[in-house]
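Read-outs: derived from the displayed coordinates by stated rules, not from any lab. All values derive from a computational prediction rather than experimental measurement. Cβ placement follows ideal geometry from the backbone for every residue including glycine, while neighbour counts extend to all protein chains displayed.
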Amino acid sequence: MKKINSFVIGSVAVALGIMFLGAFIYNGIAYFKDSERVVSVKGLSEREVKADKVIWPLVYKQAGNDISALYKNIEQTNNKIIKFLLDNGIAKNEITVAPVSVLDADAERYSDNNAKFRYKAVSVITVVTGNVDTVLKLMSKQNDLIKQGIALSVGDYQYQTIYSYNGLNDIKPEMIVEATKNARLAAEKFAKDSASKLGKIKTANQGQLTISDRDNNTPYIKSIRVVTTIQYYLKD
């Protein structure tokens, strides 16, 4: 009798174990299926801002056969350019004069013996300032320098005017919030269109903040973009 009871109890225990295991497996499969129902969306936030810093190199070139006279002429020209800058709102501590670069044609291995001038000099005066509007106005007044016989070089890839924006940390949090909000709106629309409900976030990627010139004609206007990528669970 004891053997029968032990057998019955053992059988019941096994049956209950199989039942609970089956329920566990079922629930696990159901959860797995739900967890795999996800939607991946991107949220975008964009801003246009004006540059708050500019590096403006003023470059000119001169040539001659008398090195002393050439340096004297460059010094006079530099003084005229600096006066032009100071008279139009640029501070003295925002102006830097680089050492003059001089090429001696006679010292060059492959020089042109028929060159008109032996010495060719390049002088660079750089303005670094947060007064972007002042620089833009000065750029439009370069004719004042031409009237003094000073022709600035343009289009030299070595001496490009650089505009930058340094307030990214101030606007980045707000842009991330906006991008995240737009991502959720896109996910909610997808869930609604697919007769589902939006669940919790599975993964989120804040993404990169990028800054670029708005266009080639207005490099002092910057376009800032933040893109977030978020995966949401979907449920019935």
With the dipole of the range 53-164 worked out from charges on the C-beta (+1 for Lys and Arg, -1 for Asp and Glu) around the Cα centre, which of ILE162, LEU86, ASN73 lies farthest toward the positive end?
LEU86
Label-to-label distance, nm, for residues given as ALA69 and LYS50 (7 Å Cα→Cβ offset)
4.7
One finds the C-alpha centres of the range 159-213 and the range 66-139 to be spaced, in Å, by 45
Modelled label-to-label distance, ASP144 and LYS202, 7 Å Cα→beta-carbon offset: nm?
6.3
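Nearest 0.05, what FRET efficiency do PHE190 and LYS235 give at R0 = 22 Å with Cβ-Cβ as r?
0.95
A 31 angstrom limit on the alpha carbon distance is what I want to check against. Which of LYS181/LYS222; LYS141/LYS222; LYS92/LYS172; LYS92/LYS120 exceed it? Intermediate values should be presented prior to the final figure.
Numbers: LYS181/LYS222 23 Å; LYS141/LYS222 24 Å; LYS92/LYS172 33 Å; LYS92/LYS120 28 Å.
Cα-Cα > 31 Å for LYS92/LYS172; rest within.
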Distance from a point 7 Å along Cα→Cβ of ALA98 to each backbone N in the range 156-200: keep the residues under 20 Å and list them by number.
156-164
Cα→Cβ-extended label distance, 7 Å offset, between ILE221 and ASN88, nm
2.2
